[in-house]
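S.K.: Quick one: the structure is below, and I'll ask about it shortly.
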Amino acid sequence: MPRKKVRLEHSVEYLSILDKNGKVDEKLIPKIDKDVLLQIHRTMLLSRHLDDRMLLLQRQGRIGTFAPAKGQEASQVGAMAALEMGDWFVPAFRETAAMLWRGIEPANLLLYNAGYNEGAEIPEDSHDLPIAIPVASQIPHAVGLAYAAGYRESDEIAITFFGDGATSEGDFHEALNFASVLKAPVIFLCQNNQWAISMPRGRQSESRTLAQKGLGYAIPSLQVDGNDVFAVYAAVQEAAERARAGDGPTMIECITYRMSVHTTADDPSKYRDEDEVKKWQELDPILRLQKYLKAKKQLSDKKIEALEKELEQQIDTAWEDTHKRIQELTDPLVMFDDVYAEPPASLQAQRQAYEQHLKCEG
Amino acid sequence: MAELNMADAIKLALTQEMENDDGVIVLGEDVGVDGGVFRITEGLLDRYGERRVIDSPVAETALVGFSIGLALYGLKPVCEMQFSGFSYQGFHQMESHAARLRWRSRGRYSIPMVLRMPYGAGVHALEHHSESKEVLYAHIPGLKMVIPSTPRNARALMVSAIRDPDPVVVFEPKAIYRAFREEVPDDEETLPLGQSRTAREGGDLTMISYGAMLQRTLQAADQLAEEDGVETEVIDLLSLSPLDHERFAESARNTGRVVIVHEAHRSYGPAGEIMARLIEESFYYLEAPIRRVTGFDTIVPMFAREQAYLPDVERILDAARGVLND
Ligand SMILES: Cc1ncc(C[n+]2csc(CCOP(=O)(O)OP(=O)(O)O)c2C)c(N)n1
Ligand SMILES: [Mg+2]
């Protein structure tokens, strides 16, 4: 009956490939087609411009509350670009850049943020899930999707996004344990953006890293520089290979920063220092990628300027389309749609009574 | 006396109770430094420090379960859920333990906790931020469930809830947190939990409502007086559990005609229970079938259509005129 030590060797790898000056570690950089890389850059920039525009529209009262992705574009686009379109994308509520990579139209995002359920419409052949607002609640869905894909002998895998705050929720822990025990082909992508509304990362958890929470469930887990699109891409690519080979889940903690408000209903001046924001601006994921692309002569200031103009125009057009669509979406009866496959008679009756009421009101 | 809005009136209740009793602990997500997303707990951290005003990790099961632990020890936790739509992990702890520990321990333990949360539509919010699912809590034996309708009764109910020996769920109508002001006495004021009030007197028709919908109900009542010469009595429930059925029964026996208004879904909503009580106890006094104006049995739509979901004055008038003409 000895009293002895059970030795556990745990350490968390930290991966960074692209530094803030745009220099890369050539040994570590993943192979990405030039066109794909430019597409990655374009999507990150589109997301940034769309965020800025939506903030403006929200301040003008033309759309409602939303959660900006600003600062987290590399974590999102880097991850999605490393996966196949057939893989399952299970977002939380801040994944604008990832959604754009998946081909979701800016006009749809605008419509959604203007308060219309139609903005969340998902094409029949897509493997994207809609936005999930209750923190961490979507994580188990990704595990189920991934397991189901395995059950059907598909090589699709699933990726789910969540924040640092989400790692405090039971749903997160239960989902990780499930994935580990069932060897589900799923990638847990934590965007540690240093804040959960007003709660700083340091007070959310005493764990030195969030990645080590995955290790607790025997899931291969690492930290990456989340503002480094190459590091995120490489980590997700590796995790995807492992998942497709039948070796189960991976947890990736992307160290990044929420450069904007939590949502437009939030006032960060109550709880965080502008200096901190400035410090992270130097690590801006888009600027870093641009420095690299410029050094490689794949991009120039002039080209960036032209691209920004083009993206602004794209957003102008999207907002015009959204605006037009809103004019057409005047029928409130759509609120009765899609609650059930077949609306029960009592719900039909409520709909008809309300329709009648509207007619009488004229 | 000060003219306060409901947000400040609730804050006054919390401040005074923290001042009176060092067992009162405030906890929740963002309730400290940020002062709560609706600023209800603003200033409390500075005044009472971080051992009494706890900014918690994002973890509702633990928030509610931990509050139960505090209460078991004899403290008085006032736990905030950021929105009622995010209370469901906590719901498990409320139903499985907060509601039952007195019963399970044969009276040895009690859970004097308050679980407070904003509910209801009308603030242009995202999904899950506009629900009105008070029945989930009102259905549970062992829990009390109250919903204030004005600044003054919000303050008084909150004080009573904190002092109550049993777990009390307080749903705060966020749509009217800052909609209007009312005189709120500086001196402490309480209201018995389980007691409704008459918000407007009248002898022709009884309307029963609570929370944010009370305003629309009163508006409809005024319009009926003006346009139809009908005097409506409006009963403000204030408490769904216990339900004060005496007052509305008395009014219904007097008028014989009843309309119930709430924004909760229709099926199995509070109106169903109220109708059942009226039918059980006052059936022979009723002159017409009771009508209810409620939210529909749909998911609350995103905000562009939330007003269509909510009962409005027109729908209330329709129902009232229907009952009057039946
Ligand atoms: C279950 C639940 N509780 C509370 C909230 C309110 N809320 C929305 S976001 C958030 C913080 C989430 O922080 P984190 O997981 O780090 O994600 P981030 O917002 O930083 O992207 C909270 C508490 C919620 N949406 N769901
Ligand atoms: Mg965060």
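The values are calculated or read from the model by the stated rules, or taken from the named source; none is laboratory data. It should be emphasised that the depicted structure is a prediction, and the values quoted were computed from it without experimental measurement. FYI the Cβ positions are ideal-geometry reconstructions off the backbone, even for glycines, and counts take in every protein chain you see. We work out accessible area using only protein heavy atoms, side chains counted, and drop any ligands, DNA or RNA first. Shrake-Rupley method; radii C 1.70, N 1.55, O 1.52, S 1.80 Å.
S.K.: Quote the total accessible area buried by chains B and A together, excluding ligands, DNA and RNA, probe 1.4 Å, nearest 100 Å².
M.R.: Numbers: alone 14000 and 18960 Å², together 29670 Å².
For chain B against chain A, roughly 3300 Å² becomes buried.
S.K.: I'd like the GluC sites (Glu not before Pro) in the range A:302-362 restricted to DSSP loop residues with at most 14 other Cβ atoms within 10 Å, sorted by number.
M.R.: none
S.K.: Could I ask something else about it? Please go through the range B:178-273 and write out the GluC sites (Glu not before Pro) that DSSP classes as loop and that have at most 15 other C-beta atoms within 10 Å. Kindly include the intermediate steps, with their values, before the conclusion.
M.R.: Details: sites: B:Glu182, B:Glu183, B:Glu188, B:Glu189, B:Glu201, B:Glu226, B:Glu227, B:Glu231, B:Glu233, B:Glu246, B:Glu250, B:Glu263, B:Glu273; in loops: B:Glu188, B:Glu189, B:Glu201, B:Glu231.
In loop regions of the range B:178-273 (DSSP not H, G, I, E or B), the sparsely surrounded GluC sites (Glu not before Pro) are B:Glu188, B:Glu201, B:Glu231.
S.K.: Follow-up. Do you know the relative contact order of the range B:197-325, to the nearest whole percent, from alpha carbon pairs under 8 angstrom that are 6+ apart? Let's see the in-between values first.
M.R.: Values: 226 pairs, mean separation 36.2, N = 129.
Rounded, it is 28 percent for the range B:197-325.
S.K.: I would also like to ask the following. Report the label-to-label distance for A:Glu308 and A:Ala349 in nanometres (one decimal), using points 7 Å from each Cα along the Cα→Cβ vector.
M.R.: 6.1
S.K.: Is there a simple number for the mean count of other chain Cβ atoms within 10 Å of the Cβ of residues in A:131-137, and what is it?
M.R.: Working: counts 2, 2, 7, 8, 7, 3, 4.
Mean shielding count: 5.
S.K.: Treating only the Cβ atoms of Lys and Arg (+1) and Asp and Glu (-1) as charged, compute the dipole magnitude of chain B about its Cα centre; round to the nearest 20 debye. Could you put the intermediate results ahead of the total?
M.R.: Details: 33 positive and 51 negative charges, 226 e Å.
For this selection, approximately 1080 debye.
S.K.: Can you work out the accessible area per residue across the range B:197-325, with the rest of the protein chains kept in place, probe 1.4 Å, in square angstrom?
M.R.: Details: 4990 Å² over 129 residues.
Result: 39 Å² per residue.
S.K.: Using only the Cα atoms of the range B:2-184, construct the convex hull and provide its projected area averaged over every direction, in square nanometres to one decimal. Show your work: numbers first, answer last.
M.R.: Numbers: hull surface 37.7 nm².
Computed as one quarter of the Cα hull surface, the answer is 9.4 nm².
S.K.: Set the Förster distance to 41 Å, then compute FRET efficiency between A:Glu174 and A:Leu358 from the Cβ-Cβ distance, nearest 0.05. Write out the running numbers ahead of the final one.
M.R.: Values: r = 45 Å, r/R0 = 1.09.
Between A:Glu174 and A:Leu358 the formula returns 0.35.
S.K.: Ignoring ligands, DNA and RNA, how do B:Asp22, B:Asp55, A:Asp33 rank by accessible area with a 1.4 Å probe, largest first? Could you put the intermediate results ahead of the total?
M.R.: Working: B:Asp22 125, B:Asp55 20, A:Asp33 105 Å².
Descending order: B:Asp22, A:Asp33, B:Asp55.
S.K.: Compute for the protein assembly as shown: radius of gyration divided by Kirkwood radius, i.e. Rg/Rh, restricted to C-alpha atoms, rounded to two decimals.
M.R.: 1.00
S.K.: Separate question: Let me check I've understood the local charge: for A:Glu238, count other residues with C-beta under 12 angstrom from its C-beta, Lys and Arg +1, Asp and Glu -1. What total comes out? Provide the component values of the computation, followed by the final result.
M.R.: Details: positive: A:Arg242, A:Arg244; negative: A:Glu13, A:Glu241, A:Asp247.
Charge balance near A:Glu238 sits at -1.
S.K.: Can you sort B:Met207, B:Met1, A:Met1 by solvent-accessible area, 1.4 Å probe, largest first? If you can, show how the numbers build up before the last one.
M.R.: Working: B:Met207 0, B:Met1 125, A:Met1 230 Å².
Ranking B:Met207, B:Met1, A:Met1 by accessible area, largest first, yields A:Met1, B:Met1, B:Met207.
S.K.: Now for a separate question. Using alpha carbons only, how many degrees (0 to 90, rounded to 10) separate the axis of helix B:213-228 from the longest principal axis of chain B?
M.R.: Helix B:213-228 sits roughly 20 degrees off the main axis of chain B.
S.K.: Could I ask something else about it? Calculate how steeply helix B:6-20 sits against the longest principal axis of the alpha-carbon atoms of chain B, using the helix alpha-carbon long axis, and give the answer as 0 to 90 degrees to the nearest 10.
M.R.: 40
S.K.: For B:Ser251, A:Ser207, what's the largest-to-smallest order of accessible area, 1.4 Å probe? All intermediate terms of the calculation are to be shown ahead of the outcome.
M.R.: Working: B:Ser251 5, A:Ser207 35 Å².
The residues order as A:Ser207, B:Ser251, largest area first.
S.K.: Can I ask one more? If you roll a 1.4 Å probe over the range B:197-325 with all protein chains in place, what percent of the accessible area is carbon or sulfur?
M.R.: Details: 2200 of 4990 Å².
Here carbon and sulfur together make up 44 percent of the probe-accessible area.
S.K.: Based on the Cβ-Cβ distance of B:Glu287 and A:Asp331, what FRET efficiency does E = 1/(1 + (r/R0)^6) give at R0 = 35 Å, to the nearest 0.05?
M.R.: Details: r = 37 Å, r/R0 = 1.06.
Efficiency, rounded to the nearest 0.05: 0.40.
S.K.: May I ask what percent, to the nearest 5, of DSSP beta bridges between residues of the protein assembly as shown are antiparallel? Intermediate results must be reported in sequence, preceding the final value.
M.R.: Values: 11 of 68 bridges.
Within the protein assembly as shown, antiparallel bridges account for around 15 percent of the total.
S.K.: Which FRET efficiency value, to the nearest 0.05, is calculated for A:Arg203 and A:Gln60 with the Förster distance at 30 angstrom and r the Cβ-Cβ distance?
M.R.: Working: r = 35 Å, r/R0 = 1.15.
After rounding to 0.05, the efficiency reads 0.30.
S.K.: Could you work out how far apart the two model spin labels at A:Tyr340 and A:Lys270 are, taking each label as a point 7 Å from the Cα in the direction of the beta carbon, and quote it in nm?
M.R.: Result for the modelled spin labels: 4.2 nm.
S.K.: Quick one: if you take sqrt(5λ) for each eigenvalue of the C-alpha gyration tensor of chain A, what semi-axes come out, biggest first, whole angstrom? If you can, show how the numbers build up before the last one.
M.R.: On the way: eigenvalues 243, 155, 82 Å².
Output for chain A: semi-axes of 35, 28, 20 Å.
S.K.: Keeping every protein chain present and rolling a 1.4 Å probe, give me the accessible area per residue for the range A:296-362 in Å². Before the final figure, lay out each step's value.
M.R.: Details: 4680 Å² over 67 residues.
Here the per-residue accessible area is 70 Å².
S.K.: Would you kindly calculate the mean projected area, averaged across all directions, of the convex hull enclosing the Cα atoms of the range B:197-325, in square nanometres? Working shown, then result.
M.R.: Values: hull surface 29.5 nm².
Result: 7.4 nm².
S.K.: Follow-up. Name the residues of the range A:178-216, by number, that are at least 10 Å² less accessible with every protein chain in place than in the isolated chain; the surface is that of heavy atoms, probe 1.4 Å, without ligands or nucleic acids.
M.R.: Residues shielded by partner chains are A:Ala196, A:Ile197, A:Ser198, A:Met199, A:Arg203, A:Gln204.
S.K.: A further question on this structure: Could you look at chain A and say what percent of its accessible area is carbon and sulfur, using a 1.4 Å probe and all protein chains?
M.R.: Working: 8540 of 17330 Å².
Ligands and nucleic acids excluded, carbon and sulfur give 49 percent.
S.K.: For chain A, set up a Gaussian network in which alpha carbons nearer than 10 Å are linked by springs, and say which option among A:Phe66, A:Phe230, A:Phe188 fluctuates the most.
M.R.: Maximum among the listed residues: A:Phe66.
S.K.: A follow-up question, please. Please give the net charge around B:Gly107, taking every other residue with its beta carbon less than 13 angstrom from that of B:Gly107, where Lys and Arg add +1 and Asp and Glu add -1. Before the final figure, lay out each step's value.
M.R.: Working: positive: B:Arg100, B:Arg102, B:Arg104, B:Arg106, B:Arg108; negative: B:Asp166.
That works out to +4.
S.K.: With an 8 Å Cα cut-off and a minimum separation of 6 or more residues, compute the relative contact order for the range B:30-149 in percent. Display every interim value, and only then the final one.
M.R.: Details: 156 pairs, mean separation 25.2, N = 120.
Reported as a whole number, the value is 21 percent.
S.K.: OK, next. When Lys and Arg each count +1 and Asp and Glu each count -1, what net charge do the other residues less than 11 Å away from A:Pro123, Cβ to Cβ, add up to? List each step's numbers first, then the result.
M.R.: Details: positive: A:Arg102; negative: A:Glu105, A:Glu121, A:Glu124, A:Asp125, A:Asp128.
Spelling it out: positives minus negatives among the neighbours equals -4.
S.K.: OK, next. Where both residues lie in the range A:100-241, what percent of DSSP beta bridges are antiparallel, nearest 5?
M.R.: Values: 2 of 8 bridges.
Just about 25 percent of them are antiparallel.
S.K.: Just the accessible area per residue of the range B:1-114, please: how many Å² with a 1.4 Å probe?
M.R.: Working: 4590 Å² over 114 residues.
Value for the range B:1-114: 40 Å² per residue.
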